[in-house]
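The block underneath contains the structure these notes are about, expressed in C-alpha cells.
The values are calculated or read from the model by the stated rules, or taken from the named source; none is laboratory data. The model shown is predicted, which means the values in this text are computed figures rather than measured ones. Neighbour counts are summed over all protein chains in view; Cβ atoms, including those assigned to glycine, are modelled from backbone coordinates with ideal geometry. These accessible areas exclude ligands, DNA and RNA; they are computed on the full protein's heavy atoms, side chains included. Shrake-Rupley method; radii C 1.70, N 1.55, O 1.52, S 1.80 Å.
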Amino acid sequence: MAGETVITVVGNLVDDPELRFTPSGAAVAKFRVASTPRTFDRQTNEWKDGESLFLTCAVWRQAAENVAESLTRGLRVIVQGRLKQRSYEDREGTRRTVYELDVDDVGVSLRNATAKVTKTAGQRPAAAPTGRAVADDQWATEPPF
C-alpha cells in the first residue's frame, strides 16, 4: 500500500520463531531480530559495536510455516516488511510505544552460511502473460554451464 514504511533489516534471530494459528486457521510466526551496527575505529584499529536494534517481526500464512520450520536462534537473516507503530498501556498505566515489522519476505544470509532450498508443495506455477500456467520452471534445473 502507498504511504507505508517498507524497510529491510539484516540481523540475527534472538530466539526460535514461535508458530501459532488464528481461530480461523491462519498461521502466524513471530520472531525477534537483533541488528547491531559495527564501525571501524581507525585510532584504536578495531571494530566497535553500536546500539543494537531489537525488532519484533510477524510473518503470515505459508511463509510463517516455512519460517518456523527453517529458521533457528542465532541465524543471520534478511527481513523485509512494513514498519508498524503500536501504543499500549502497561500494568502500571504508563503509555508505551513499540515498533514491529509485518514481514513480506525473509531469507537466510549466506555471508557466513550455506543453504539448500526446497520448494514447498503448496506453491503453484506463476501465470504466464497469456493467462496459461507456466509449464516448466526454468529455475528448477541446473544451469547449462
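One residue is enough: does region 51-66 have a residue meeting the conditions out of contact with any helix residue (DSSP H, G or I) (no Cβ under 8 Å at 6 or more places or on another chain), surrounded by fewer than 11 Cβ atoms within 10 Å (Cβ to Cβ), part of a strand (DSSP E or B) and not hydroxyl-bearing (Ser, Thr, Tyr)? Within region 51-66, not a single residue is out of contact with any helix residue (DSSP H, G or I) (no Cβ under 8 Å at 6 or more places or on another chain), surrounded by fewer than 11 Cβ atoms within 10 Å (Cβ to Cβ), part of a strand (DSSP E or B) and not hydroxyl-bearing (Ser, Thr, Tyr). Considered as a group, the residues in region 58-95 that are in contact (Cβ under 8 Å) with a residue 12 or more places away in the chain and hydroxyl-bearing (Ser, Thr, Tyr) include one that is farthest from residue 15 (Cα to Cα), and that residue is 70.
Residues of region 17-25 include at least one that is assigned to a loop (DSSP other than H, G, I, E, B), free of Cβ contacts under 8 Å to residues at least 24 places away in the same chain and open to solvent by 90 Å² or more (accessible area, probe 1.4 Å).
Let's see how each residue does on (1) of a type in the set (A, V, I, L, M, F, W, C); (2) over 29 Å from residue 25 (Cα atoms):
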position: 41; (1), (2): no, yes
position: 50; (1), (2): no, yes
position: 55; (1), (2): yes, no
position: 58; (1), (2): yes, no
position: 81; (1), (2): no, no
position: 85; (1), (2): no, no
position: 99; (1), (2): no, no
position: 104; (1), (2): no, no
position: 107; (1), (2): no, no
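For residue 72, the conditions (1) open to solvent by 90 Å² or more (accessible area, probe 1.4 Å); (2) at pLDDT 90 or above; (3) of a type in the set (S, T, N, Q) all hold with the exception of (1). If you filter region 1-16 down to residues that are more than 13 Å from residue 76 (Cα to Cα) and of a type in the set (A, V, I, L, M), you find that the one that is most open to solvent (accessible area, probe 1.4 Å) is 1. Within region 3-58, being within 22 Å of residue 108 (Cα to Cα) and among the polar types (S, T, N, Q) holds for 8, 12, 35, 36, 52, 56. Among what's in region 90-127 and is modelled with pLDDT under 90, among the aliphatic types (A, V, I, L, M) and within 28 Å of residue 6 (Cα to Cα), pick the residue that is least open to solvent (accessible area, probe 1.4 Å). My answer is 113. Applying the criterion of being open to solvent by 40 Å² or more (accessible area, probe 1.4 Å) and of a type in the set (A, V, I, L, M, F, W, C) to the residues of region 75-89, the residue that is farthest from residue 56 (Cα to Cα) is 75.
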